Amino acid sequence: MITFVLELLILLLLFRRVLGYEFRREWKFIVIGIGIVLIRGIVMLLCPEAHDALYCLGILIPAAAMPFFFRGRPVILLGIGVCMIRLFCMLDRLFTGIWILAAKGNAMEVDLTLTYIMGELTCLVVFLILSGILGKEKKQISLTTDKMNPIILILFILYTLIADYNPYGIGALPQSLFYIIHAENLVKNGVLAIAITVVFVLVYIMLAQRKEMKRMILLNERCISEQAEQYRLTGEEGKKWRKFRHDYNELISVLQVIAQEGDIKRLREYISTLAEIKSEHKLVYTNNLICDAILTRYAALCRAENIELKIHGTFPDQLYISDTDLCVLISNGMKNAYEAVQKCEIERMIEFNIGNRGNYVDFIIANTTCEALTIEDGRPKTTKSDRRNHGLGTQNMLETARKNGGSVTWSFNEPNLVSVEILVCCAKRNLVS
């Protein structure tokens with residue numbers, strides 16, 4: 001029973017404090033997870049002799065509870081849980097072999113329960129150390145782990161099963177010598193299992209970092225492109241304003257002539273034309289270059305499509321979110337809003353509101369729509385036919401906001417209004433929970 005409790009505690013420590021997964025908020029899942037955990041405990045208390053029969057089931061029970069306790073891909077949570085139980089078994093073999101060698105082949109002195117506990121305590125100490133070292137990276141670790149290919153976990157489990165196979169030989173050997181040879185094999189397998197585990201983790205970290213680096217390069221290029229576009233638009237607007245100032249005297253002269261003639265209708269039309277020229281020269285200002293670049297571009301697109309774009313508020317002077325991450329959030333949000341409004345024939349409107357809440361800044365993108373929005377797993381379900389290659393933008397938004405201590409919430413207010421609220425931290429101390 002002690003070993004089972006330790007297994008559960010170590011798994012909870014691994015997923016929460018090392019990998020950074022968050023507990024589920026829905027109590028029904030938590031209750032189901034607790035029920036799964038209690039199955040083995042109750043059976044072991046009522047039928048202690050059934051321990052051996054429950055060996056295979058015991059491997060799955062603690063791991064099977066993890067998808068109900070934590071938020072993440074169930075197949076990944078289950079796979080990591082099973083891998084950990086298999087690692088406990090390999091460490092158990094290692095300490096069993098060491099004990100037999102220390103006892104000079106007297107296998108009867110070995111306490112198998114104690115060797116299993118020693119393996120669990122080893123994992124517990126390692127995870128406590130890692131939880132202190134990796135605490136600041138928990139959010140990113142959980143996001144990266146959740147993208148893991150389940151085949152990797154399956155291959156690791158198969159390896160531990162193969163390495164665990166230690167056939168007995170038949171021959172005229174003294175019993176003590178036989179157990180010594182057997183113990184040496186157990187130690188070798190245990191050391192090899194630890195080495196393979198370390199290599200597996202290091203290789204996965206390297207591949208994950210490489211993938212993240214490629215992603216950051218693409219996002220940085222996109223960010224630079226947005227900035228370059230903003231500089232280009234600023235330059236064009238500067239030329240227009242210089243031309244406008246050059247023609248200013250002539251415009252005023254025409255205005256005076258019309259006023260002297262007393263043609264009020266023509267005067268109003270001329271003033272209206274000047275107002276249109278002014279609106280076309282208007283650049284967006286939100287106190288953030290990236291946001292200005294993205295919104296200025298979409299302002300031009302909206303004018304061409306006869307879409308009303310309203311922008312309110314400004315960002316604070318200090319915003320501890322990278323330009324790349326901010327570009328991901330705003331560009332994806334505006335792209336989704338723009339594409340949704342394009343499909344509407346009437347009530348074509350997008351509204352971008354920026355607000356501040358203490359150490360957080362939030363911006364809400366609201367738009368009209370002619371299609372009903374369906375929310376699945378906290379994000380809108382794509383209406384495009386190729387769902388495998390679409391919907392990635394919303395997932396990137398969720399991950400980016402979470403990495404910056406915030407959140408993204410979509411809502412659909414019938415009959416035709418969609419809004420997404422993006423909340424990010426603007427204080428360094430709150431970026432890591």
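The values are calculated or read from the model by the stated rules, or taken from the named source; none is laboratory data. Note that the structure is predicted; figures quoted are calculated from it, not measured. Virtual Cβ from ideal backbone geometry, glycine too; neighbours counted across all protein chains shown.
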Notebook entry, point to check: Quick one: P74 ticks every box in (1) at pLDDT below 80; (2) loosely packed, with under 14 Cβ neighbours inside 10 Å bar one, so which box is it?
Noted result: (1)
Check: Which of the following residues is modelled with pLDDT of 80 or more, touching a strand residue (DSSP E or B) at 6+ places or on another chain (Cβ under 9 Å), in a helix (DSSP H, G or I) and of a type outside the set (G, A, S): F88, F68, F15?
Finding: F15
Next item on the list: Could you tell me which numbered condition G333 fails, if it satisfies all but one of (1) part of a loop (DSSP other than H, G, I, E, B); (2) in contact (Cβ under 8 Å) with a residue 40 or more places away in the chain?
Entry: (1)
Note to self: Whether any residue in segment 301-311 is of a type in the set (V, I, T), under 13 Å from V424 (Cα atoms) and not in a loop (DSSP other than H, G, I, E, B) is what I want to check.
What the structure shows: no
Next item on the list: Quick one: count up the residues across segment 312-351 that are over 18 Å from T409 (Cα atoms), of a type in the set (V, I, T) and in contact with a helix residue (DSSP H, G or I) (Cβ under 6 Å, 6 or more places away or on another chain).
Entry: 1
Check: Which members of segment 351-375 meet the condition of being over 18 Å from V284 (Cβ atoms) and part of a strand (DSSP E or B)?
Finding: N356, R357, Y360, D362, T368, I375
Check: What number of residues within segment 97-116 are free of Cβ contacts under 8 Å to residues at least 24 places away in the same chain and charged (D, E, K, R)?
Finding: 2
Margin query: Yes or no: segment 196-210 includes at least one residue that is out of contact with any Cys (no Cβ under 9 Å at 6 or more places or on another chain), of a type in the set (S, T, N, Q) and either at pLDDT 75 or above or in the same structural domain as E399 (by TED's automatic domain parsing) (or both).
Written below: no
Notebook entry, point to check: How many of the residues in segment 296-327 are in contact (Cβ under 8 Å) with a residue 12 or more places away in the chain, aliphatic (A, V, I, L, M) and over 23 Å from G358 (Cα atoms)?
Noted result: 5
Margin query: Every residue in segment 71-85 that is in contact with a strand residue (DSSP E or B) (Cβ under 9 Å, 6 or more places away or on another chain) and not in a helix (DSSP H, G or I), please.
Written below: R71
Notebook entry, point to check: Within the bounds of segment 24-44, is there any residue that is among the charged types (D, E, K, R), in the same structural domain as I133 (by TED's automatic domain parsing), at pLDDT 65 or above and part of a helix (DSSP H, G or I)?
Noted result: yes
